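Heads up: the structure comes next, in structure tokens.
The values are calculated or read from the model by the stated rules, or taken from the named source; none is laboratory data. Here the structure is a predicted model, which is why all the values come from computation and not from measurement. Heads up, the Cβs are rebuilt from the backbone with ideal geometry, glycines too, and the neighbour counts pull from every protein chain shown. Surface accessibility is based on the protein's heavy atoms, side chains included, excluding ligands, DNA and RNA. Shrake-Rupley method; radii C 1.70, N 1.55, O 1.52, S 1.80 Å.
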Amino acid sequence: AAFRALDQAIAAGFGAVDTMTKDPDLALLRSDARWKGALERAVTQQNPCKTLPEARQLDFWVGEWDVHDPAGHLVGHSSIQRVVNDCVVLENWSGSLGGSGKSLNFWDKANRRWQQTWVDSRGTVLQYTGRLVGDTLRYAAEGKRLSFSPLPGGRVRQLAESSRDGGKSWTVDYDFTYLPRR
């Protein structure tokens, strides 16, 4: 009966793993073979972004990076981290010639798409939505496209394009390669 009640609570949204592992009233349940499964379900409930495959699609970008243009010039540094219980991929950008910015990237479960909000030190704000196509995360906004692609050797390509004719033609704004910082 206790496991049935615990399973119902987890199915309804209970995910207080600390309570489950520390509450003395649950001590007897912890020695039961069913405990491990119940605990795993509660961990998943408490940490949905750690186990939701879509929320992990941008993991290839997480890391510390030196960023280069196609000619090989260093254009900046970026620190990409998972935050907010692994539900957000946070970019911290610092340009070699000045300027900085941050982007928040997350899987919008309700709308089944990725979303990025970019804000830079000049006050520029860009909002993108996107999806994974093959192994590339493709974002779009009004007159803008942005993509992130994993490359061999643990590198990442970020390509930004813009259109002034409603998407009939596109111009490359930048084409960056992220190299793991050593």
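A quick yes/no check of all residues on (1) aromatic (F, W, Y); (2) in contact with a Gly (Cβ under 7 Å, 6 or more places away or on another chain); (3) buried (at least 16 other Cβ atoms within 10 Å of the Cβ):
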residue	(1), (2), (3)
F3	yes, no, no
D7	no, no, yes
A12	no, no, no
A16	no, no, no
M20	no, no, yes
D25	no, no, no
L29	no, no, yes
A38	no, no, yes
E54	no, no, no
>> Based on this model, can you work out whether V84 counts as crowded, with 18+ Cβ neighbours inside 10 Å and of a type in the set (A, V, I, L, M)?
In response: no
> From the list L151, L104, L146, L74, which one is open to solvent by 60 Å² or more (accessible area, probe 1.4 Å) and more than 12 Å from the chain's Cα centre (by Cα)?
Replying inline: L74
>> With the requirement that a residue be of a type in the set (A, V, I, L, M, F, W, C), touching a strand residue (DSSP E or B) at 6+ places or on another chain (Cβ under 8 Å) and surrounded by fewer than 18 Cβ atoms within 10 Å (Cβ to Cβ), what does the range 56-71 give you?
In response: V62
> Which one of these is in contact (Cβ under 8 Å) with a residue 24 or more places away in the chain, closer than 26 Å to C49 by Cα and among the hydroxyl-bearing types (S, T, Y): Y178, Y128?
Replying inline: Y178
> Only one residue in W107, W114 is touching a helix residue (DSSP H, G or I) at 6+ places or on another chain (Cβ under 7 Å), within 18 Å of F60 (Cβ to Cβ) and not polar (S, T, N, Q), so which one is that?
Replying inline: W107
>> Can you say whether T44 is more than 25 Å from D175 (Cβ to Cβ), surrounded by 13 or more Cβ atoms within 10 Å (Cβ to Cβ) and at pLDDT below 90, as far as the supplied structure shows?
In response: yes
> In the range 37-46, is there at least one residue being in contact with a Leu (Cβ under 6 Å, 6 or more places away or on another chain) and either assigned to a strand (DSSP E or B) or over 30 Å from L137 (Cβ atoms) (or both)?
Replying inline: yes
> Going through the range 89-132 one residue at a time, which ones are on the phi < 0 side of the Ramachandran plot and not in a strand (DSSP E or B)?
Replying inline: S96, L97, K109, A110, N111, S121, R122, T124
